[in-house]
Amino acid sequence: MELTWLELFIIVLASFRLTRLLVYDQITQFIRSPFFNEVEEVDEFGQKETYLVPKNRGIRGFFGQLLSCHWCTGVWCSIFICSLFFVYHSIAFPLLLVLAVAGLASIIEVLVQKWLED
């Protein structure tokens, strides 16, 4: 199967969006929470700040480290997206297209917000 430039663009955007979804988005917090500990600290102004720190050991520690790094998660998301595309193309393509559209929309939103700030 030969990959077109449009298909590559869709795969790239879908991988980008899935990575952001897993690492940053509030809607997937329930997926990340078993792999992190909450640590509270008081800053120099007396304000409480809460940090998420990956668990120290075992499988939860491994996945905590993975989910705290968008580069690492991005590699695994890309492997998953590419596998879906090549193995289950007809089933996976609509899902990848939705992720790609959402990814491009989020990039456009960031650019518009940046433009409005200036």
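The values are calculated or read from the model by the stated rules, or taken from the named source; none is laboratory data. Computed from a predicted structure; not experimentally measured. So basically every Cβ, Gly included, is an ideal-geometry build from the backbone, and we count neighbours across all protein chains shown. Heavy atoms of the whole protein, side chains included, go into the accessibility calculation; ligands, DNA and RNA do not. Shrake-Rupley method; radii C 1.70, N 1.55, O 1.52, S 1.80 Å.
For this structure, a couple of remarks:
- Short to long, the 10 Å bins of the Cα pair-distance histogram for the range 75-115 hold 29, 40, 22, 9, 0 percent of all pairs.
- Accessible solvent surface per residue of the chain, calculated while the other protein chains remain in place, 1.4 angstrom probe, Å²: 74
- For Arg60, the accessible area of its heavy atoms, probed at 1.4 Å with every protein chain present, is near 120 square angstrom.
- The chain: most fluctuating residue of Ile11, Ile81, Ile59 per GNM, C-alpha cutoff 10 Å: Ile59
- Checking every one of the chymotrypsin sites (Phe, Trp or Tyr not before Pro) in the range 14-117 against DSSP loop status and a limit of 10 other Cβ atoms within 10 Å picks out Phe45.
- The phi torsions of the range 94-99, fed into the Karplus equation with coefficients 6.51, -1.76 and 1.60 and a -60° offset, translate into couplings of x, 5, 5, 5, 4, 4 Hz, rounded to whole numbers, with Gly and Pro shown as x.
- Residues with amide H under 5 Å from that of Phe36, placed H, sequence gap 5 or more: Lys55
- Accessible area in the full protein assembly, largest first, 1.4 Å probe, for Lys48, Lys55, Lys114: Lys48, Lys114, Lys55
- A simple rule links phi to the HN-Hα coupling: the Karplus curve 6.51 cos²θ - 1.76 cosθ + 1.60 with θ = phi - 60°, which for the range 78-92 gives 5, 4, 4, 4, 5, 4, 4, 4, 7, 8, 10, 3, 5, 7, 6 Hz, with x for Gly and Pro.
- In sequence order, calculated HN-Hα J values of the range 26-32 (Karplus, 6.51, -1.76, 1.60; Hz; x Gly/Pro): 4, 4, 9, 4, 5, 6, 7
- The spacing between the range 13-68 and the range 71-118, judged by their C-alpha centroids, is 21 Å.
- Heavy-atom accessible surface of the chain: percent carbon and sulfur, 1.4 Å: 67
- For the residues Val53, Val87, Val23, a GNM of the chain with alpha-carbon springs under 10 Å puts the largest fluctuation on Val87.
- Computed accessible area, Asp118, all protein chains, 1.4 angstrom probe, square angstrom: 140
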